[in-house]
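Below you'll find the structure, written out as structure tokens, and then a few comments.
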Amino acid sequence: GIDCGADSRMCCRKEFFVDFKEIGWEDWIIQPEGYHMNYCAGLCPLHMAGIPGLAASFHTAVLNLIKANNADAAVDSCCVPTQRRPLSLLYYDRDSNIVKTDIPDMIVDACGCT
Amino acid sequence: APKGVWCPACGLATLAPTVQRDVLIALAKQSILSKLHLPDKPNVTQPTSRRALLTALRRLRVQRTDTAAPPGIPRDGGVLHPGVGVQEYEILSFAESGSFTSRGVRLHFRFTRELAESTEILQATLYLFWVAHGTRTRPVTVRLLQSDPTGLNVTVASETQLEVPRAGWATLDVGQAVQSLFGRGSQRLTVELEVAEDWGAPLLVGHSDSHWPFVAARARDRTPHRVQRR
């Protein structure tokens with residue numbers, strides 16, 4: 001799965017919800033009620049490098065074998081977002097105008113190893 | 001990360017859960033405010049009435065379905081909208097009631113400096129609701145006034161004669177006026193409506209707040225250069 005469990009160590013997605021009411025932002029943000037500020041965390045051992053989330057293809061597997069056998073040649077690999085989507089907001093600006101906008105790439109849907 | 005080398009993502013894991021939560025919430029606030037070009041959380045002094053908001057959103061939907069292009073054709077007739085991937089905004093600015101006279105009314109629409117400085121206006125339409133006065137159409141003069149940043153020198157940006165047929169909503173394109181407003185560093189658009197003779201309030205303004213005049217605008221983040229694709 002791509003979501004981190006209690007004791008996940010490998011690269012996965014950690015869920016974190018920011019409730020706008022809890023942080024006192026409900027007076028100026030009309031919709032939505034909060035922000036899914038998920039983030040990526042976990043280890044990316046070399047043989048996992050380059051696996052985009054769950055989409056490990058045959059090509060990726062072969063590539064990883066080559067890397068794992070040439071471990072000294074490979075560089076570090078990091079756990080990063082591989083799928084993201086916009087955060088749609090409806091809010092009051094400083095002049096009480098009502099603004100709707102989609103902020104791109106704000107919500108992480110999947111993580112993977114670089 | 002190798003021993004002794006600080007890994008940015010690992011920093012979180014070493015924090016106590018409560019501290020970790022505070023760090024993440026602070027990051028979320030900073031990220032949202034910076035993406036909205038807001039220096040801080042806005043202090044909303046007079047939120048729009050729910051009725052006016054619902055009426056305006058309903059009006060916009062009717063307007064969109066009336067003017068919607070057939071599926072598959074971009075709104076501007078074939079040119080791929082270069083705004084793909086650029087953040088866009090839809091803004092509803094409700095009139096601050098200005099001065100009333102028996103022959104007309106002045107309405108003020110205010111836009112924030114952040115929006116004026118960081119976006120370009122793609123479209124702006126003024127929506128006015130007229131009260132019925134008999135069956136004849138009536139000429140109404142609509143002047144768009146612009147004041148300089150000090151708010152003192154007021155100039156007429158454009159003047160239009162509208163024939164108001166009957167009660168109901170009427171629209172006027174104010175995109176050019178709002179764009180040049182932003183270009184001059186001002187943020188306030190004043191609309192002056194004048195009727196030929198004593199009409200009483202030509203607008204349903206103040207009688208019922210659900211038909212409050214508003215400007216609906218579409219804006220897009222300014223980008224350093226733009227590639228047009230055909």
Members of the range A:82-113 that are in contact (Cβ under 8 Å) with a residue 60 or more places away in the chain, buried (at least 16 other Cβ atoms within 10 Å of the Cβ) and within 13 Å of the chain's Cα centre (by Cα): A:MET106, A:ILE107, A:VAL108, A:ALA110, A:CYS111, A:GLY112, A:CYS113
Just the residues that are assigned to a strand (DSSP E or B), closer than 19 Å to B:LEU115 by Cβ, at pLDDT below 85 and not polar (S, T, N, Q), please, taken from the range B:139-181. B:ALA157
Scanning the range B:1-50 residue by residue, those at pLDDT 75 or above and of a type in the set (Gly, Ala, Ser) turn out to be B:ALA16, B:ALA26, B:ALA28, B:SER31, B:SER34, B:SER49
So, in the range A:12-43, how many residues would count as being of a type outside the set (Lys, Arg), more than 10 Å from chain B (Cβ to nearest Cβ) and in a loop (DSSP other than H, G, I, E, B)? 5
So B:ARG113 ticks every box in (1) modelled with pLDDT of 85 or more; (2) within 11 Å of another protein chain (Cβ to nearest Cβ) but one. Which box is left unticked? (1)
Modelled with pLDDT of 75 or more, in contact with a strand residue (DSSP E or B) (Cβ under 8 Å, 6 or more places away or on another chain) and more than 30 Å from B:ARG166 (Cβ to Cβ) - does that describe any residue in the range B:123-138? no
Contact list please: Cβ distance under 7 Å, first residue in the range B:24-42 and farther than 17 Å from A:THR101 by Cβ, second residue assigned to a helix (DSSP H, G or I) and modelled with pLDDT of 90 or more, pairs at least six apart or on different chains. B:ASP40/B:LEU33
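The values are calculated or read from the model by the stated rules, or taken from the named source; none is laboratory data. None of these values were measured; they are calculated from a predicted model. Positions of Cβ are generated from backbone atoms using ideal geometry, with glycine treated the same way; all protein chains shown enter the neighbour counts.
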